[in-house]
1. Could you work out how far the C-alpha centroid of segment 105-121 sits from that of segment 220-241, in angstrom?
2. In segment 171-247, what is the volume of the convex hull around the alpha carbon atoms, normalised per residue and reported in Å³?
3. Between their Cα atoms, which of LYS176/LYS269; LYS136/LYS274; LYS129/LYS264; LYS174/LYS244; LYS136/LYS174 are more than 18 Å away from each other?
4. Once you place label points 7 Å from the Cα toward the Cβ at ARG255 and ASN204, how far apart are they in nm?
5. Between ARG112 and GLU272, what FRET efficiency follows from the Cβ-Cβ distance if R0 is 30 Å, with the result rounded to 0.05?
6. Could you work out the relative contact order of segment 171-247, using alpha carbon pairs under 8 angstrom and six or more residues apart, expressed as a whole percent?
7. Hand me the GluC sites (Glu not before Pro) from segment 149-243 located in a DSSP loop with no more than 12 other Cβ atoms within 10 Å, in residue order please.
8. For the pair LYS120 and TYR216, how long in nm is the line joining their label points, each one 7 Å along Cα→Cβ?
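Nothing in this text is a laboratory measurement; each read-out follows from the coordinates by a stated rule. It should be emphasised that the depicted structure is a prediction, and the values quoted were computed from it without experimental measurement. Here the Cβ positions follow ideal geometry from the backbone for every residue, glycine too, while neighbour counts run over all protein chains shown.
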Amino acid sequence: MRNLLRFLVRNYAFLLFLFLEAVSLVMVFSYNSFQRSRFLNSANFISASLYNTTSSVLQYFELRRVNEELANENAYLRSVLDGGTADIKAIADSVILTNELPDSNFVFRAARIINNSANKQQNYITLDKGLDDGIKADQGILAPEGVVGVITSVSNSYASGLSLLNPRWSISAKLKKSGYYGSLHWDGRNYREADLQEIPIHVNLATGDTVVTSGYSSIFPEGLLIGTILSFDQPQGENYYNIKVQLAVDFKSIRYVHVIENVKKEELKDLENKVINGAGIN
C-alpha cells in the first residue's frame, strides 16, 4: 500500500494528464456527432477484423463438419433441381432462385459467420460480407438447416444483424400442414426453442408439425424451414394456442449462411406505401 502511494505521488502529474485526456475525449465523442460517428465506425471495423481473424482460426479446425454440411446442402439443391420445383441460376458468387411463385425473385449470397451469440438476452450475428458484396440492411439470413435472422447494419466489408434469438425481432411463420400463420418470437430462455403465437384454438395441431416462413414479408420467401412443434396447450379462456417450437437451426454450431435479397422489394414497398397513403383512392 505504501509503495502504491509513493507511485501515485511520484507520477501524479502524468496520471492527472491521462485522466483529463480521457475526459476530454469522452466529451468530444459525446457532444460532436461527426467525431462520434467516425469513432463508432472505426471501433466496429476493428472489432469485426478481430472477429474475422478468430473465426478463420476456428474454421480450420472445423473443415470436416463444414464439408459434411456443404455435401448435405448440395444434395438438397440437387433434389430441388431434379424435382423441378424451382428455377436456379448460378451468377458469379451468388445464386438467383425463382421460387414456385413466378413473381417472387430472390438472390442468395454466401457468407461466413465471424461472430455469434446464443446465451444472451439479445443475440446478434456478424458476417464477413458487406456493402461491397451486395449485402444490405433488411435482408434475411438463412442457414442450410433453416432461418437464422435479419441484417440490420452494414459496413463496406461486414454486416451484422439480429438472430431469431433476439426478443427485438419476430418473424411471420405458418404451419406447413394447415397454412395458418402467426408470429414467431423468442422468449429469451432456451436457445433451441421459440414461441409461435396467434394460432387459433380450432386449428388441428400435432407434435412434430412443420413451421415455415409465411411469405407475408419482403425479407423471406414462403416455405423456408423454421422448426417443428415441440409442445402446445390451450389456455383456459383464451382464443389462441401456446405453441413451443423447436428451432431447426442450432445457433451454437452454424458457420456458413446465405443472405437473401428480394430483388423486387422496393417495388413491393412502393406499392404498399401508395395504398397506406391513400394514393389512387377516389
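1. First find each Cα centre; the distance between them is then 24 Å.
2. On the way: hull volume 6.6 nm³, N = 77.
It comes to 86 Å³ per residue, whole-number rounded.
3. On the way: LYS176/LYS269 26 Å; LYS136/LYS274 24 Å; LYS129/LYS264 22 Å; LYS174/LYS244 13 Å; LYS136/LYS174 26 Å.
Violating the 18 Å Cα-Cα cut-off are LYS176/LYS269; LYS136/LYS274; LYS129/LYS264; LYS136/LYS174.
4. 4.4 nm
5. Working: r = 34 Å, r/R0 = 1.12.
With a Förster radius of 30 Å, E is 0.35.
6. On the way: 173 pairs, mean separation 23.7, N = 77.
After rounding, I find 31 percent.
7. On the way: sites: GLU193, GLU198, GLU222, GLU238; in loops: GLU198, GLU222, GLU238.
Of the GluC sites (Glu not before Pro), the ones in loops of segment 149-243 whose Cβ has at most 12 other Cβ atoms within 10 Å are GLU238.
8. The modelled label-to-label distance comes out at 3.1 nm.
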